[in-house]
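A short write-up of the structure that comes next.
The values are calculated or read from the model by the stated rules, or taken from the named source; none is laboratory data. None of the values given here were measured: they were computed from a predicted structure. Here the Cβ positions follow ideal geometry from the backbone for every residue, glycine too, while neighbour counts run over all protein chains shown. Only protein heavy atoms, including side chains, enter the accessible area calculation; ligands, DNA and RNA are left aside. Shrake-Rupley method; radii C 1.70, N 1.55, O 1.52, S 1.80 Å.
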Amino acid sequence: MRKPLRSLLSSPVFWRGAVSIVAFVILWELGARSKQWMAPELFVPLKEMLGAMGFKKDYLPWIGVVPAPSTVLIAWIAVLGQGGYWQSWYMSLFRVMSGFVAAMLIGIPFGLLLAVSRTAQGIGFPVFEVLRPIPPLAWVPASIIFWPTQELAISFVTFLGAFYTIVINVLGGARSIDLHYFQAAQSMGSSQWDIFRRVILPGTLPSIVVGSAVGMGITWEVVVAAEMISGGGSQQSGAGGGLGFFIWSSYVGGSYEQIVVGMISIGIAGFASSELLRWLGRYVTPWLRVR
Amino acid sequence: MDMHQPGAAALTRGRILIEDVVKTYPTEGAAVMAVDHCSLEIEAGEICMIVGPSGCGKTTLLNAIAGFHAITSGRIVMDGETLCSAEKPKAEPGPDRIVVFQNGALFPWKNNLENVIFGPVMQGKLARKQAIDKGRAMMADAGLAGVERNYPGEVSSGMRRRVEIVRALMNDPKALLLDEPYRALDSLTKSVMHEALLEIYYKNKVTIFFITHDLEEAIFLGHKVAIMTTRPCRPKKVLTVDIAHPRDYSVLTTKRFRELIEETSEAVHEEALKAFQAGEREG
Ligand SMILES: Nc1ncnc2c1ncn2[C@@H]1O[C@H](COP(=O)(O)OP(=O)(O)OP(=O)(O)O)[C@@H](O)[C@H]1O
Ligand SMILES: [Mg+2]
């Protein structure tokens, strides 16, 4: 365990990344504080000039209204002790995972079925292609009506986000397997089932991994938006409706620091789940690690 | 004169007769005739080299023998058994005829040893344990000891080719069908591979049907060299190479080898030129 750490610390990529993040935070902090140490009068001539050119001064963005990282950190520490914040994490994570796992469980066999059977493709693919262009978020109202609970409705929309990507990747992956692998397996006495298990399945695995990673990213986008639209699904406690609702209610409640806390939390959650999938992907496709 | 000549009494398996085979591809517009009334006899245990210009129909002929594609008419017989004919245009692929493909077809997701034992395990001929023992032994024999646990992507292309040939031989085939297996290799690796192939061949007598562009390769390896016409393909000239096996690289500098090259290069060049001109006309 010492070695990876040492190689990390001696890698220029790591240091470049670290420097860039620190620089970003410092600039942000300076920008957010500019209000305090820059007299607003300084900007009057500039604004007047732009006004004369036809711009309305209210149209200009102003980083001074964004909460500074230091105040965000303070707000964050404050919510760490609150159950509602962790409840939001738990609910979003649960929805993402249930939607994602369902998309894997249904999408992988479905994609494989489309790939191996012309009949299945003839029946299943047209419907799939007609529904695919509908963005998952357009499903939110319909699925709230359709599903008995709001919880199921959000999970369903999350599921849709990952499902299409996984199916398309599985199908494309299975189709692009080199014909010679099939011929070789056939010559060496493989049955249809052997070919499925020992050629199609492993041959599609890299695409399954890619499809899952992309699907996971979409899942986080979808869950946050669905939580905002649907009002979080929990009426009793405002903060219990997932990270998307956490951001929304912070906005409504005027707590701008918490908005940023929510945004960063989603960033961390998305990054961690992608990393986990990448790691799992490398583990199940060891032959791609070499090269 | 010695046991390495084909047709020796010891070998009775792997005699392939190609009789009047025609193959046309039904494409949109004009049908493409790839093989035209092609007849060729390949003796049991013979190395038969097929030389012909690009796109002439060599792979098509190999696919017919292997059973990957149907023929249009004619007949292919192996050891008295009809593989395909007008009544049954597509042969059944089987472990008695194993193909080594132009670009290689080792399963990248299996390590080299798992690739090598694939055939016997699939066919239920050997238990896994025995297959592993045999696979290790054959790999060691082919100079592949130490890379059993590596994936094909981890070893050199020359080694991959050898692994693939060992995988083929593990099926105890009557014939090996090689489709330009060394095309992508540099000439130095190629010369090493030629000797390695001959060494493997001397230990495991099988019939070898070997497609190539390279006339020197053909004469160095083959008992027989069939020079094919440009598309549609048919033997233009069949040359018997009267240089005794076992051969090694010293053959390349002998007078007889040079003479054989001279005798045939004219025919090869002529067909290549025709193929080129036909290509010019088409596109
Ligand atoms: N499935 C197919 N459908 C239609 N035409 C085909 C098909 N396969 C091959 N052909 C055509 O048949 C001809 C012979 O092809 P083939 O692959 O047998 O040539 P080849 O001698 O192996 O060439 P190369 O040396 O380039 O490998 C070519 O003109 C090719 O375009
Ligand atoms: Mg070819």
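Need the failing condition index for residue B:188 against (1) of a type in the set (A, V, I, L, M, F, W, C); (2) under 15 Å from the mean Cα position of the chain (by Cα); (3) away from ligand 1 (no atom under 16 Å from the Cβ), just the number.
Unmet condition: (2).
Check residue B:126 against each of (1) within 14 Å of chain A (Cβ to nearest Cβ); (2) over 26 Å from residue A:177 (Cβ atoms); (3) within 19 Å of the chain's Cα centre (by Cα) and name the one condition it does not meet.
If we test residue B:126 against (1) within 14 Å of chain A (Cβ to nearest Cβ); (2) over 26 Å from residue A:177 (Cβ atoms); (3) within 19 Å of the chain's Cα centre (by Cα), just (3) comes out false.
Could we say that residue B:119 is buried (at least 20 other Cβ atoms within 10 Å of the Cβ), within 11 Å of chain A (Cβ to nearest Cβ), within 23 Å of the chain's Cα centre (by Cα) and in a helix (DSSP H, G or I) here?
Working: buried (at least 20 other Cβ atoms within 10 Å of the Cβ): yes; within 11 Å of chain A (Cβ to nearest Cβ): yes; within 23 Å of the chain's Cα centre (by Cα): yes; in a helix (DSSP H, G or I): yes.
Against the criterion (buried (at least 20 other Cβ atoms within 10 Å of the Cβ), within 11 Å of chain A (Cβ to nearest Cβ), within 23 Å of the chain's Cα centre (by Cα) and in a helix (DSSP H, G or I)), residue B:119 qualifies.
Looking only at the stretch B:145-163, count how many residues are under 16 Å from residue B:195 (Cα atoms) and in contact with a Pro (Cβ under 8 Å, 6 or more places away or on another chain).
3
State which residue is nearest to ligand 1 (Cβ to nearest atom) when the search covers only the stretch B:66-86 and only residues that are within 11 Å of another protein chain (Cβ to nearest Cβ) and open to solvent by less than 10 Å² (accessible area, probe 1.4 Å).
Of all residues in the stretch B:66-86, those within 11 Å of another protein chain (Cβ to nearest Cβ) come to B:66-69.
With the extra rule that they be open to solvent by less than 10 Å² (accessible area, probe 1.4 Å), the set shrinks to B:66-67.
Numbers: B:66: 12, B:67: 15 Å.
Looking at the filtered set, the residue picked out is B:66.
Within the stretch B:150-166, track down each residue that is open to solvent by less than 10 Å² (accessible area, probe 1.4 Å) and either within 11 Å of chain A (Cβ to nearest Cβ) or in a strand (DSSP E or B) (or both). Give the derivation first.
If we filter the stretch B:150-166 for residues that are open to solvent by less than 10 Å² (accessible area, probe 1.4 Å), which is where we start, we get B:152, B:158, B:163-166.
Correct list: B:152, B:164.
Of the conditions (1) open to solvent by 10 Å² or more (accessible area, probe 1.4 Å); (2) touching a helix residue (DSSP H, G or I) at 6+ places or on another chain (Cβ under 8 Å); (3) not charged (D, E, K, R), residue B:193 fails just one. Which one is it?
Status for residue B:193: all satisfied but (1).
Looking at the stretch B:253-262, is at least one residue surrounded by 21 or more Cβ atoms within 10 Å (Cβ to Cβ), more than 16 Å from ligand 2 (Cβ to nearest atom) and more than 20 Å from residue B:116 (Cβ to Cβ)?
Of the residues in the stretch B:253-262, the ones surrounded by 21 or more Cβ atoms within 10 Å (Cβ to Cβ) are B:260.
Next cut, more than 16 Å from ligand 2 (Cβ to nearest atom) only: B:260.
If we keep only those that are more than 20 Å from residue B:116 (Cβ to Cβ) as well, we get B:260.
Checked the stretch B:253-262: at least one residue is surrounded by 21 or more Cβ atoms within 10 Å (Cβ to Cβ), more than 16 Å from ligand 2 (Cβ to nearest atom) and more than 20 Å from residue B:116 (Cβ to Cβ).
The rows are residues; the columns are (1) assigned to a loop (DSSP other than H, G, I, E, B); (2) closer than 22 Å to residue B:197 by Cβ; (3) without any contact (Cβ under 8 Å) to a residue 12 or more places away in the chain.
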{"position": "B:61", "(1), (2), (3)": "no, yes, no"}
{"position": "B:77", "(1), (2), (3)": "no, no, no"}
{"position": "B:83", "(1), (2), (3)": "no, no, no"}
{"position": "B:94", "(1), (2), (3)": "yes, no, no"}
{"position": "B:102", "(1), (2), (3)": "yes, yes, no"}
{"position": "B:130", "(1), (2), (3)": "no, no, yes"}
{"position": "B:136", "(1), (2), (3)": "no, yes, no"}
{"position": "B:143", "(1), (2), (3)": "yes, yes, no"}
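So residue B:56 ticks every box in (1) near ligand 2 (Cβ under 10 Å from one of its atoms); (2) open to solvent by 30 Å² or more (accessible area, probe 1.4 Å); (3) of a type in the set (A, V, I, L, M, F, W, C) but one. Which box is left unticked?
Looking at each condition in turn, residue B:56 falls short on (2).
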